[in-house]
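The values are calculated or read from the model by the stated rules, or taken from the named source; none is laboratory data. Since this is a predicted model, take the numbers as computed values, not measurements. Because the Cβ atoms are built from the backbone with ideal geometry, glycine has one as well, and the counts that use them run over all protein chains shown.
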Amino acid sequence: MRRLQGEAVYDEPFVQNSAAAESVVPVQFLAPAPGLDSWQYRYIKRAMDVVGALIGLAVFLIPGLIVALAILITSPYPVFYCEERIGRFGVPFRIFKFRSMRPHATQRERSDAVVLHWRMDKRGHDPRVTFIGRFLRRWSLDEVPQVFNILRGDMSLIGPRPIVRAETYCYKHLLPYYLAATPGLSGLWQVSGRSDLDYQERSRLDATYVETWSLFADIKIMLRTIPAVLGRVGAR
């Protein structure tokens with residue numbers, strides 16, 4: 001790691017030693033924008049997250065049960081898929097999703113490099129995804145269980161989409177921007193093209209979000225999320 005104009009710049013993928021991972025001690029990274037250290041970010045944004053997550057839980061309770069039943073009928077359980085993601089300040093957390101792939105597909109399918117390619121480039125065909133999974137992804141329904149991550153405080157309604165450890169390398173010098181913010185259920189990347197964009201553009205959008213963060217910006221992204229989901233913008 002080196003420093004450039006007062007900001008932490010990463011030349012290598014973010015790694016966290018096992019002792020740190022077990023103790024889950026946050027790594028203090030310099031926030032590129034002072035807004036993320038403000039009381040509005042800590043308290044008002046958090047209040048909006050909790051209220052929004054509770055409303056989402058109530059709205060999607062019945063549809064969620066239908067989705068869970070469809071997954072059970074069409075493929076072996078489990079219904080939910082949990083995976084480690086990198087959160088704010090580099091703290092790992094377990095993300096919840098409706099399972100859209102065959103059970104244990106990641107461990108069976110080829111090399112880690114191929115799996116990472118499928119994860120990053122969703123414009124191509126991913127053979128791991130089930131029939132129901134394609135429908136869930138097309139309408140972003142597989143993300144609904146992340147309301148529990150929001151209630152736990154691991155995620156926010158709006159922020160950079162949470163990434164796995166291997167993806168931190170792709171952010172390159174923009175990684176500090178991702179680590180400064182709380183990952184979100186939706187974000188600037190989600191409403192700007194999603195999987196139609198390459199990773200360079202994704203990381204640039206995340207950096208822009210952090211640099212220009214405000215409660216008003218979050219509200220605008222929330223309002224843009226609904227038509228983006230209904231229009232299946234960049235959904236794969």
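Some points to look at:
- Filter result (in contact with a helix residue (DSSP H, G or I) (Cβ under 6 Å, 6 or more places away or on another chain) and either of a type outside the set (G, A, S) or without any contact (Cβ under 8 Å) to a residue 24 or more places away in the chain (or both)) within region 193-214: Y199, D206, V210, W213
- Residues in region 191-236 that are on the phi > 0 side of the Ramachandran plot, under 16 Å from the mean Cα position of the chain (by Cα) and not in a helix (DSSP H, G or I): G193, G234.
- Count of residues meeting criterion [hydrophobic (A, V, I, L, M, F, W, C), surrounded by 20 or more Cβ atoms within 10 Å (Cβ to Cβ) and out of contact with any Pro (no Cβ under 9 Å at 6 or more places or on another chain)] in region 200-227: 2
- Scanning region 41-70 for residues that are more than 22 Å from the chain's Cα centre (by Cα) and either of a type outside the set (G, A, S) or at positive phi (or both) yields I62, L65, I66, L69.
- Set L65, L54: member being surrounded by 13 or more Cβ atoms within 10 Å (Cβ to Cβ) and either touching a residue at least 24 places away in the same chain (Cβ under 8 Å) or in a helix (DSSP H, G or I) (or both): L54
- Residue that is surrounded by the most Cβ atoms within 10 Å (Cβ to Cβ), among those in region 31-51 that are closer than 20 Å to I226 by Cα and of a type in the set (A, V, I, L, M): M48
- Within region 134-175, the set of residues being in a helix (DSSP H, G or I), in contact with a Ser or Thr (Cβ under 8 Å, 6 or more places away or on another chain) and not charged (D, E, K, R) comprises L136, I150, C170, Y171, L174, L175.
- Checked against (1) in contact (Cβ under 8 Å) with a residue 40 or more places away in the chain; (2) in contact with a helix residue (DSSP H, G or I) (Cβ under 8 Å, 6 or more places away or on another chain), L174 passes all but condition (1).
- Considering L197, L185, the condition of being of a type outside the set (D, E) and surrounded by fewer than 22 Cβ atoms within 10 Å (Cβ to Cβ) is satisfied by L197 alone.
- Residue satisfying condition, being of a type in the set (S, T, N, Q) and closer than 21 Å to M48 by Cα, within set Q190, Q200: Q190
- Which numbered condition R152 misses (of (1) modelled with pLDDT of 95 or more; (2) crowded, with 20+ Cβ neighbours inside 10 Å): (2)
- Filtered residues of region 100-131 (kept if outside any loop (DSSP other than H, G, I, E, B), farther than 23 Å from F148 by Cα and modelled with pLDDT of 85 or more): V129, F131
- Conditions (1) at pLDDT 95 or above; (2) farther than 17 Å from T182 by Cβ; (3) not small (G, A, S): number failed by Q5: (1)
- For region 73-99, filtering for residues that are surrounded by 12 or more Cβ atoms within 10 Å (Cβ to Cβ) and assigned to a helix (DSSP H, G or I) leaves 3.
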